[in-house]
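Colleague: The structure that follows is given in the form of structure tokens.
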Amino acid sequence: DCNITGFNENLKSTIANCLFWLPICFFSYSKFRLKYFATINKNKRNSSLFDQICAGSLVITLILLIIQRLIRGVSHWLLQPCHILTLLLSVCLLKRSNSIKLFRFFLDNHWMGYFGLVFADLTWYNKPGEVEVFYLQHFLLAAIPQIYLFMNLKFSTTNKEVCSIERIYYFIFSFGIGMLYHAVVLIWLSFFTQTDFDGMLCRPQMLSWCGVWWREFMGISSLPFALLVSVIPEIIASYLTSPKRA
């Protein structure tokens with residue numbers, strides 16, 4: 001069901017999301033200690049060859065995406081979360097510092113890539129190479145962070161750091177920012193361009209019972225999955241790679 005919400009309904013959705021997520025983000029921000037996260041793995045080093053290979057793969061993919069979007073005249077597609085996440089992960093890998101905060105922000109929001117892969121509408125991509133680049137991008141977004149976690153590479157942390165309450169607050173903060181991006185940017189981008197970004201324009205048939213609030217339901221119900229592919233793998237990886245484990 002598309003275009004079931006007009007300007008006023010979208011405005012109500014944006015306001016409702018801001019009233020819900022902004023206090024949560026501010027509260028979480030006040031609870032996790034920035035200094036604590038800033039000092040985790042703070043030793044600086046040059047990017048390794050593996051960092052450069054992974055980042056190079058992401059950058060090349062992003063360049064291909066930009067070229068494809070510009071050729072088709074749909075540059076607004078570049079505001080999709082997965083494109084922004086691709087850029088964010090590239091920056092994480094190329095920064096000289098270990099930038100654990102930035103990587104965790106990416107990690108806590110890269111669940112969107114999984115959703116984009118599973119629920120993708122491939123009818124969007126009707127030009128040569130578009131489908132292949134789409135799958136390449138989402139494969140890299142899913143595989144690279146897990147490789148870094150389980151191989152104890154640049155973003156490795158200890159059990160104590162990963163299992164701390166501050167880590168949970170940081171996850172809630174990061175997830176909330178992602179929800180606000182959908183509510184403030186993607187809802188209106190979908191509305192004015194008539195493009196269904198992340199289900200912001202067209203309501204899935206299975207969620208017809210939600211009425212005009214299907215987007216809010218999708219967002220909140222995504223939280224357990226986001227936790228499953230971010231904090232949980234990080235906890236498992238920290239135990240598997242910890243030098244103190246029995």
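Colleague: Between the helical axis of 81-94 and the dominant principal axis of the chain, each derived from Cα atoms, what acute angle in degrees is found, rounded to the nearest 10?
Modeller: 20
Colleague: Continuing with the same structure: Looking at the chain, identify the longest residue range that excludes and avoids all trypsin sites (Lys or Arg not before Pro) in DSSP loops having at most 13 other Cβ atoms within 10 Å. List each step's numbers first, then the result.
Modeller: Working: sites that count: Arg33, Lys42, Lys44, Arg45, Arg96, Lys244, Arg245.
Counting only loop sites that pass the neighbour cut-off, the longest clear stretch is 97-243.
Colleague: A further question follows. Return the single residue from Val59, Val74, Val229 with maximal mean-square fluctuation; model: Gaussian network over the chain, springs between Cα atoms under 10 Å.
Modeller: Fluctuation is largest for Val74.
Colleague: Starting from one equal scatterer on each C-alpha and no solvent at all, send me the Debye-based log10 I(q)/I(0) for region 172-246 at q = 0.12, 0.15, 0.27 Å⁻¹, two decimals.
Modeller: -0.47, -0.63, -1.22
Colleague: Quick check: the angle from helix 130-150's long axis to the longest principal axis of the chain, C-alpha only, nearest 10 degrees?
Modeller: Between helix and principal axis, roughly 30 degrees.
Colleague: Whole number please: convex hull volume per residue, Cα atoms of the chain, in Å³.
Modeller: Details: hull volume 31.3 nm³, N = 246.
Taking only Cα atoms, the chain has a hull volume of 127 Å³ per residue.
Colleague: List the Cys residues of the chain that have no partner Cys with a C-beta closer than 4.7 Å.
Modeller: Cys18, Cys25, Cys54, Cys82, Cys92, Cys163, Cys210
Colleague: In this model, which of Lys95/Lys127; Lys31/Lys101; Lys101/Lys160 are farther than 26 Å apart at the alpha-carbon? Intermediate results must be reported in sequence, preceding the final value.
Modeller: Details: Lys95/Lys127 34 Å; Lys31/Lys101 15 Å; Lys101/Lys160 16 Å.
Flagged as over cut-off: Lys95/Lys127.
Colleague: How far, in degrees from 0 to 90, does helix 165-181 lean away from the longest principal axis of the Cα atoms of the chain, to the nearest 10?
Modeller: Computed tilt is about 30 degrees.
Colleague: Taking all protein chains together and a probe of 1.4 Å, list Ser48, Ser230 from the most accessible to the least accessible. List each step's numbers first, then the result.
Modeller: Working: Ser48 45, Ser230 0 Å².
Accessible-area ranking of Ser48, Ser230, largest first: Ser48, Ser230.
The values are calculated or read from the model by the stated rules, or taken from the named source; none is laboratory data. These figures come from a predicted structure and were not determined experimentally. Cβ atoms come from the backbone with ideal geometry, glycine included; neighbour counts cover every protein chain shown. Note: areas computed on protein heavy atoms with side chains; ligands, DNA, RNA excluded. Shrake-Rupley method; radii C 1.70, N 1.55, O 1.52, S 1.80 Å.
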